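Q: What follows is a single structure, and I will ask about it in a moment.
The values are calculated or read from the model by the stated rules, or taken from the named source; none is laboratory data. Computed from a predicted structure; not experimentally measured. Cβ sites come from the backbone with ideal geometry, for glycine too, and all protein chains shown count toward neighbours. Calculation scope for accessible area: heavy atoms of the full protein, side chains included, ligands and nucleic acids excluded. Shrake-Rupley method; radii C 1.70, N 1.55, O 1.52, S 1.80 Å.
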Amino acid sequence: MDRNELIEAARQGSSEATEQLLIDWQPTLKKMAFKQCTSNDVDDAVQESLAIIWRRIGTLKTVEAFPGWLLIIIKRECSKLMKSNNNLDELPEDYHELFSYYSSPELRLDIIAAIHSLPEKYRSVILLRDLEELSIGEIANKLLLTRMAVKSRIHRGRLMMQEYLEK
């Protein structure tokens, strides 16, 4: 059975096809989760997503929509986990002091939450650049990355934070 036939059989209610589909797509879900979640949340997001797919595969409108549907599910689960894990009251006190130049406590908490929402590879460069004020070269040496990789991660991290703050 090819991929499309397997998806169609799962949509039609075949539990065997659904089980095989979940087995086949679990590595892809994990890759998606690594891009969307913080590293601590990847496995939880994948497990929750697999359960959602199992329950809702029959609601999928077309076979071609399956990969996009998976991405939507994993994004939502990562977002839920990030929000539930971002208990900002438990942050170290000095973390709040780093943002003390913002007059609004709500803005401070939003910025902290935005930083926490970043995947680890982006969070680390943002913290090193914007809070520890290291140069691009120093960050590259510290993280064993190229200067271009550091610049790219800083740019992407800032865009993700901006997107988070606009929500």
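Q: Taking the Cα centre of segment 1-70 as the origin, how large is its charge dipole in debye, to the nearest 20, when only Lys and Arg (+1) and Asp and Glu (-1) carry charge on their Cβ atoms?
A: Once rounded to the nearest 20, the dipole reads 240 debye.
Q: Given a Förster distance of 25 Å, report the FRET efficiency between ALA65 and LYS167 from their Cβ-Cβ distance, rounded to the nearest 0.05.
A: Rounded to the nearest 0.05, the efficiency is 0.55.
Q: Under a 1.4 angstrom probe, counting protein chains only, how are ARG11, ARG158 ranked by accessible area, largest first?
A: Listed by decreasing accessible area, they come as ARG158, ARG11.
Q: Find out how many positive minus negative residues lie around ALA33, taking Lys and Arg as positive, Asp and Glu as negative, among other residues whose Cβ is under 11 Å from that of ALA33.
A: Computed value for this residue: -1.
Q: Can you work out the FRET efficiency for the pair GLU138 and GLN26, with r the C-beta to C-beta distance and R0 = 45 Å, to the nearest 0.05?
A: 0.70
Q: How charged is the neighbourhood of SER14? Take every other residue with its Cβ under 12 Å from the Cβ of SER14, and add Lys/Arg as +1 and Asp/Glu as -1.
A: With Lys, Arg at +1 and Asp, Glu at -1, the net is -3.
Q: Modelled label-to-label distance, ASP2 and HIS155, 7 Å Cα→beta-carbon offset: nm?
A: Distance between the two pseudo-spin positions: 3.9 nm.
Q: Here's a follow-up. Could you sort LYS80, LYS75 by accessible area so the largest value comes first, with the probe set to 1.4 Å?
A: LYS80, LYS75
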